[in-house]
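Shown next, in structure tokens, is the structure this report addresses.
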Amino acid sequence: MDKGGSIGIFDSGLGGLTVARQVMKVLPKENIVYFGDNGRVPYGERPREVIIDFSKQISRFLIKKGAKMIIIACNTATAAALDALKEEFDLPIIGVISAGARMAVSATKNGKIGVIGTTYTIKSEAYHKKIKELRHDVEVYGSPCPKFTPLIEGGKQDSRELIEAAQEYLAPLKEKGVDVLVLGCTHYPIVAKHLQKIMGEGVTLVDPAIATAEEAKALLDERGGHNEGNLSPTYLFYTTGDASTFANFAKQIVGLGEVDVTHVPVSELERS
Ligand code: DGL
């Protein structure tokens, strides 16, 4: 592994920034190259083949930019494309779902776990399967939240529309009495305060980004891949959407400060 390479991170848009933020905390000496496919968001309503195709294009782009490993900071792309990417590319690739499942299992006390995510993630039952592998005697209840990503991408993360949609999406999970709610889409930590309020303080919200960053660290430990002497890491961001909207969101909503964002046309990505 090229120690001086970057950690490649990608998402359909802004959600993966919640994972990048965590990676920066846990691995402060690593360079990061982030790709947000804001020009084609949301992924959550798309068919599997399309999600795989987009994920391969982005992975090729990240590898060209010097990625030494890739984190799929998107639950939908993890559910649809993790295996296909591992088969195609010769570098370590991790997703967010195994990490989220582990956190959920260790957090539940009553054995009832709720999972929210995109339509694709919930239909795939990817969390359900991973959680059951870890502990077969728990109940897992899923609820798709298709309105969340477009609202968050559109800057409406605190809108009445979002809160009303959340009340509707979370009602069946509250009814089941879950004591853990997995934020099974990387956009959702951005609206965590609203979700916590609706679920009540007794419910633990799980953000898979935390265990994902730890998993990335463990992988670098294992492969001797840490960039030890790097005291001023570089963070480069690419988006198929609007670069200044991306930069504002990263700074104001995710708290990343000033970031260097470059627009990449979808046509360029398709050729990669
Ligand atoms: N942030 C994404 C996820 O974790 C995808 C949202 C979307 O594009 O629909 O699933």
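No value in this document is a laboratory result; all are computed from the given coordinates. What you see is a predicted model, and the numbers here were worked out from it, not measured in a lab. Here the Cβ positions follow ideal geometry from the backbone for every residue, glycine too, while neighbour counts run over all protein chains shown.
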Problem - Close pairs from the range 230-248: first under 16 Å from residue 41 (Cβ atoms) and touching a residue at least 24 places away in the same chain (Cβ under 8 Å), partner surrounded by 16 or more Cβ atoms within 10 Å (Cβ to Cβ) and hydroxyl-bearing (Ser, Thr, Tyr), Cβ under 8 Å, at least 6 apart - result: 237/34; 238/34; 246/239
Exercise for the section: Go through (1) away from the ligand (no atom under 16 Å from the Cβ); (2) closer than 30 Å to residue 1 by Cα; (3) touching a Ser or Thr at 6+ places or on another chain (Cβ under 7 Å) and name the single condition residue 83 misses. Expected result: (3)
Completion exercise
Log entry, pairs with first residue in the range 118-134 being more than 17 Å from residue 181 (Cβ to Cβ), second being near the ligand (Cβ under 10 Å from one of its atoms) and aromatic (Phe, Trp, Tyr), beta carbons closer than 8 Å, six or more apart or on different chains, reads 120/43
Practice task
From (1) within 15 Å of the ligand (Cβ to nearest atom); (2) basic (Lys, Arg); (3) not in a helix (DSSP H, G or I), pick out the condition that doesn't hold for residue 123.
Solution key: (3)
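Filter the range 175-197 down to the residues that are farther than 24 Å from residue 129 by Cβ and more than 16 Å from the ligand (Cβ to nearest atom) and list them by number. First the steps, then the outcome.
Quick first cut of the range 175-197, residues farther than 24 Å from residue 129 by Cβ only: 190-194, 196-197.
Scanning the range 175-197 gives 193, 194, 196, 197.
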Practice task
Just one of (1) outside any helix (DSSP H, G or I); (2) buried (at least 16 other Cβ atoms within 10 Å of the Cβ) trips up residue 158, so point out which.
Solution key: (2)
Practice task
Can you run down the residue pairs with Cβ atoms below 6 Å, 6 or more apart or on separate chains, where the first is in the range 61-85 and without any contact (Cβ under 8 Å) to a residue 24 or more places away in the chain and the partner is within 16 Å of the ligand (Cβ to nearest atom)?
Solution key: 82/95
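Going by the conditions given, is residue 124 touching a Leu at 6+ places or on another chain (Cβ under 9 Å), within 28 Å of residue 241 (Cα to Cα) and among the hydroxyl-bearing types (Ser, Thr, Tyr)? Even if it seems obvious, please write down each step before you answer.
Values: touching a Leu at 6+ places or on another chain (Cβ under 9 Å): no; within 28 Å of residue 241 (Cα to Cα): yes; among the hydroxyl-bearing types (Ser, Thr, Tyr): yes.
For residue 124, the condition - touching a Leu at 6+ places or on another chain (Cβ under 9 Å), within 28 Å of residue 241 (Cα to Cα) and among the hydroxyl-bearing types (Ser, Thr, Tyr) - is not met.
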Exercise for the section: Please name all residue pairs, on different chains or six or more residues apart, with Cβ atoms under 8 Å, provided the first residue is in the range 201-215 and is under 15 Å from residue 110 (Cβ atoms) and the second residue is in a helix (DSSP H, G or I). Expected result: 203/196; 204/107; 206/100; 206/103; 206/104; 206/107
Completion exercise
Checked against (1) among the hydroxyl-bearing types (Ser, Thr, Tyr); (2) out of contact with any strand residue (DSSP E or B) (no Cβ under 6 Å at 6 or more places or on another chain); (3) within 25 Å of residue 48 (Cα to Cα), residue 159 satisfies every condition except (3)
Problem - Those residues of the range 22-53 which are part of a strand (DSSP E or B) and within 16 Å of the ligand (Cβ to nearest atom), in sequence order - result: 34, 35, 36
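For the range 70-106, what are the residues that are part of a helix (DSSP H, G or I) and surrounded by fewer than 16 Cβ atoms within 10 Å (Cβ to Cβ)? Talk me through it step by step, then tell me what you get.
In the first step, residues of the range 70-106 are kept if they are part of a helix (DSSP H, G or I); the result is 75-88, 97-106.
Scanning the range 70-106 gives 83, 86, 87, 88, 106.
Would you check if there is a residue in the range 140-152 being among the polar types (S, T, N, Q), under 25 Å from residue 249 (Cα atoms) and under 16 Å from the mean Cα position of the chain (by Cα)?
The answer is yes, given that some residue of the range 140-152 is among the polar types (S, T, N, Q), under 25 Å from residue 249 (Cα atoms) and under 16 Å from the mean Cα position of the chain (by Cα).
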Handout entry: Close pairs (8 angstrom Cβ cut-off, 6 or more residues apart or separate chains): in contact (Cβ under 8 Å) with a residue 24 or more places away in the chain and surrounded by 10 or more Cβ atoms within 10 Å (Cβ to Cβ) in the range 254-269, among the polar types (S, T, N, Q) and in a strand (DSSP E or B) anywhere
Key = 261/239; 262/239; 263/239; 264/239
Exercise for the section: Say whether the condition of being crowded, with 24+ Cβ neighbours inside 10 Å, outside any loop (DSSP other than H, G, I, E, B) and touching a Leu at 6+ places or on another chain (Cβ under 6 Å) is met by at least one residue in the range 61-69. Expected result: no
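Within the range 126-141, how many residues are assigned to a helix (DSSP H, G or I) and surrounded by 15 or more Cβ atoms within 10 Å (Cβ to Cβ)?
Total meeting the criteria: 6.
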